[in-house]
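Values quoted throughout were computed directly from the atomic coordinates according to the rules given, and no laboratory measurement underlies them. These numbers come from a predicted model, not from an experiment. A quick note on method: Cβ atoms are made from the backbone with ideal geometry, for glycine too, and the neighbour counts reach across all protein chains shown.
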Amino acid sequence: MNQKILIVGGVAGGASAAARLRRLNEDAEIILFEKGEYISFANCGLPYHVSKVISQRQQLLVQTVESMKNRFNIDIRVKNEVLKINRQNKEVTVLNHLTGETYTENYNILLLSPGASPIHPNLPGIEHPNIFSLRNMTDMDNIISAVEQSTKGEAVIIGGGFIGIEMAENLHQLGFKISLVDLADQLMLNLDREMAAIIHNQVRQKGISLYLKNSVTEFKQKGDFITVVLQNGEKINANIVILAIGINPSTQLAKEAGLELGMKGTIKVDSCFRTSDPDIYAVGDAIETVDFLTGKPAWLPLAGPANRQGRLVADIIFGHKTTYTGVQGTSIAKIFDLNVASTGKNERSLQNEGTKYFASFTHTNSHAGYYPGSTPLTIKLLFAENGKILGAQVIGRNGVDKRIDVLATALRLGATVQDLSSLELAYAPPFSSAKDPVNIAGYVAGNILQGDLNIIHWNQLNSLDPASSVILDVREKAELEMGYIPGAVNIPLGQLRKRIAELPKNKEIIIYCQVGLRGYIASRILMQKGFSKVKNLSGGFKTWQSIATDLNYQIAYPNHKEKKTENLAEKQVAASQNLIKANRYQLDACGLQCPGPIIQVSKKMENLAEGDILEVLVTDPGFSSDIQAWCDRTGHVLLSSTQAGNKFSVQIQKQSRTVAQSNNNAIELPEDKTIVVFSGDLDKAIASFIIANGAVSMGRKVTMFFTFCGLNILRKPQKVKACKSLLDKMFGMMMPRGSKRLGLSKMNMLGIGPKMIRYVMNNKNIESLESLIGMAKLAGIRLVACQMSMDVMGITKEELIEGIEIGGVATYLAAAETSNVNLFI
Ligand code: FAD
């Protein structure tokens, strides 16, 4: 006997099932009911036709009724709504909206793929005709006609998930001013907070106003506008409102038929999509499936699963021995210039499940940096103690889709992070690097598991105790101009081995660089040199900065924002007067990733004359905000910053800090401190360094000027070969060599006094003089050795410890001029 199969719903799940059923069985009677006007349309493409990125409406109709009928010999009944299922009689009641007639149709097998419907909250004013949801072609047509009546108007999008953000982007493209409201403290809940921060920064950069942790309480008609009233009392006017706060599974029919329901009102099915009635199957947005990783119930209303389920259920209906293994939540979206993807678990879901996990961040290039068009790519991996991949999130401009697909496949096949390191992935410069970003993510995660690398995450920095930890920035000096973590001290990686003695071994050392790689190398150096408490900031400054920017942290100095805008406007006016006569220079830093471009800019600017203009071309998208911070701190003027495709172009005019300061009307009171260290006594040396370190911890700049006997504090303890006269040699022998040999000013007692004082200081947990010197250097205190005293006492530069500046009285006086405290010890 031929089977009679009825299908409810003619889009993703329903249409896929219908086509596959026919391919498997030429004789079955297949009737497909669709209450709407169209079948098999591309709902995922709807937002893109609003902006005409998909130019033809026709392109969205993947299959028409005619073409599907002809190709598959299926009885397709659009505008026919199934109203009721009579399970006893195995028949459905259908309303034909075209004729108004109601009829029944019996079945051997019934397949439900009714999808979901947008949530429509019961808020005052919600019935306004310009408040829309987007689910089907008709919704899209209605939005388009409203858009055409209010071109370049204002739109409020409620809900920051996929559909909300896609609508924001497409309306923005049409010139609409966009406000995006979401109840959560972040957009895209599939992402973790710091990854969502990248999206927040991106959408804000595009001029979209974000209203997070906020909800709508009311809509009011105000002339041609709708006033959207938010929970916090704010009001936003809009020509159009898009409601995208989520969907509910369309399961009224199933519920009324008495089928068993699952989470959130979905239809419960087994691994063969069979409902509680063995003759009724269900697929798509309407069903509860299982989480592939945990085996627990899950609901994943996405097109990929719906389409695959539609195909699979047809196989099962016609006797194939196969089952559905569940969903893992792989998704991707385009958000302006970024592509954002995730698979598997995020931190929130792992915490809710009580699963122990580790996380790693890597920032790499999408392909070889030297080949044009490479852009940064951020990968976050979540993995278990045994290395098993639990989840991944990827954000970037290029190459996001292939990386998430590799990671999603690896997760599905039960791979570990170690497996990622050994994946042999396709490589040539236009496509990847010899070590693909996925390999690198695997290396970093593997290092964490092996204990080669201890990491700390951005959200753990706030709980650090400054008394027992040091934050060490191992980036180059020029990079600091783009911002740094408050309280951090700087020793560039290249100097770390030489200056290792400056770091206290008894404290926890938190290292960071721009993206984590140099931090890892620095960690390895310190760990092998006996530092037991070393941690590398995962994702480096880049990850920290994006979340800090998002959370509006003050990165470089207080009142950062206000200062930035005021100064920029003033500087630009001043600079514009000289623009015409300025010499122009070009710098192509495309393909370089941070800090490459900023270091190149810094070097190039050194050789330019006052007023010259440097035009820089880069592909690193972070550069536009980096260069702003760099100009703010160096005094140069950022004249313009533009983007064309994947390239960014900025123009900077050289302006020395003094000119920049004189252009700034604000009078800055001196706040620095200078200390002349004249004495070579241990107690006085300790006192001067304690004062200096105290002042610097209060945010003041400190210069210590060492002269005559004070120079002995700065001498190296070991003998250094130096070409000296006899008199100079004698002087050198008579004076103490370095901090450890200094005597006390009183009660020296042939060297017993200094030993006693060091013993007491140690017992009372007071830092030693050597450690105070190290801390001073780390904190950026200028230690200046008096050139004249060195000449007099026959001390050469080689005899002084690392990190000492040699200067004359002018150096000291210049520092004293900007100081309000000047001590002579
Ligand atoms: P649907 O495709 O919604 O089809 C259900 C159909 O059943 C509907 O046409 C409905 O009219 C019909 N129906 C319901 N009840 C009855 C009844 N009683 N009688 C007759 N007919 C009935 N997913 C992604 O993975 N990626 C994306 O980029 C993406 N973008 C999207 C963008 C938009 C704007 C929308 C709306 C969705 C998007 N989705 C995306 C989600 C994806 O479209 C859905 O997950 C998928 O279509 C679900 O398939 P389905 O068959 O379960 O339901």
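A few comments on the model shown:
- Acute angle (nearest 10 degrees) that the helix 623-634 long axis makes with the longest principal axis of the chain, alpha-carbon atoms: 30 degrees
- In terms of distances greater than 21 angstrom between alpha carbons, the cross-link table entries Lys52/Lys177; Lys477/Lys604; Lys334/Lys402; Lys345/Lys533; Lys402/Lys435 yield Lys345/Lys533.
- Dipole size of the stretch 191-320 about its Cα centre, with +1 on Lys/Arg Cβ and -1 on Asp/Glu Cβ: approximately 580 debye, rounded to the nearest 20.
- The shape of the chain can be summarised by an equivalent ellipsoid whose semi-axes, obtained from the alpha carbon gyration tensor, come to 66, 30, 22 Å from longest to shortest.
- Spacing of the modelled spin labels on Gln495 and Phe431, each 7 Å from Cα toward Cβ, amounts to 4.4 nm.
- Annotation: amide H-H contacts under 5 Å for Val676 (H modelled 1.01 Å from N, sequence separation of 5 or more, or interchain): Phe705, Leu823, Phe824, Ile825.
- Principal-axis tilt of helix 682-697 within the chain, Cα atoms, nearest 10 degrees: 30 degrees
- Converting phi to 3J(HN,Hα) with the Karplus coefficients 6.51, -1.76 and 1.60 and the offset θ = phi - 60°, the stretch 193-206 yields 4, 6, 6, 5, 4, 4, 5, 4, 4, 5, 5, 5, 4, 7 Hz in sequence order, with x at every glycine or proline.
- Remark: the chain carries a charge dipole of roughly 2940 debye about the Cα centre, counting +1 on each Lys and Arg Cβ and -1 on each Asp and Glu Cβ.
- In the stretch 102-191, trypsin sites (Lys or Arg not before Pro) in a DSSP loop with at most 15 other beta-carbon atoms within 10 Å: Lys152
- Length-normalised contact order of the chain in % [C-alpha pairs under 8 Å, at least 6 apart]: 8 percent
- Average projected area [Cα convex hull, the stretch 585-626], square nanometres: 2.8 nm²
- Peptides 508-519, 615-626, 343-354 ordered by packing proxy, namely the average of other Cβ atoms within 10 Å per residue, highest first: 508-519, 615-626, 343-354.
- Highest mean packing first, where packing is the average number of other Cβ atoms within 10 Å per residue, the peptides 332-339, 480-487, 493-500 line up as 480-487, 332-339, 493-500.
- Where chymotrypsin sites (Phe, Trp or Tyr not before Pro) fall in DSSP loop in the stretch 355-433, at most 15 other Cβ within 10 Å: Tyr370, Tyr427
- Taking the C-alpha atoms only, the angle from helix 752-763 to the longest principal axis of the chain is near 20 degrees.
- Most simply put, the chain has about 50% antiparallel DSSP beta bridges, counting only bridges with both residues inside it.
- The HN-Hα couplings worked out from phi for the stretch 503-516 by the Karplus form 6.51 cos²θ - 1.76 cosθ + 1.60 (θ = phi - 60°) are 8, x, 6, 7, 10, 6, 9, 9, 9, 9, 10, 6, 10, x Hz, whole numbers, x standing for Gly and Pro.
- Proxy reagent accessibility, fewest Cβ within 10 Å first, across Glu798, Glu81: Glu798, Glu81
- Dipole-positive endmost among Ile686, Leu187, Thr811 within the chain (Cβ charges, Cα centre): Ile686
- Under-5 Å amide H pairs with Val11, H placed in peptide plane, nonlocal only: Ser40
- Around the Cα centre of the stretch 149-201, unit charges on the Cβ atoms of Lys, Arg, Asp and Glu (plus for the first two, minus for the last two) sum to a dipole of about 240 debye.
- Using just its DSSP H runs of length 4 or more, each adding -39500 (n - 2.57), the chain gives a mean residue ellipticity at 222 nm of -9500 deg cm²/dmol after division by all residues.
- Computed from backbone phi, the HN-Hα couplings of the stretch 210-216 come to 9, 10, 8, 6, 9, 9, 8 Hz, rounded to whole numbers (Karplus: 6.51 cos²θ - 1.76 cosθ + 1.60, θ = phi - 60°; Gly and Pro given as x).
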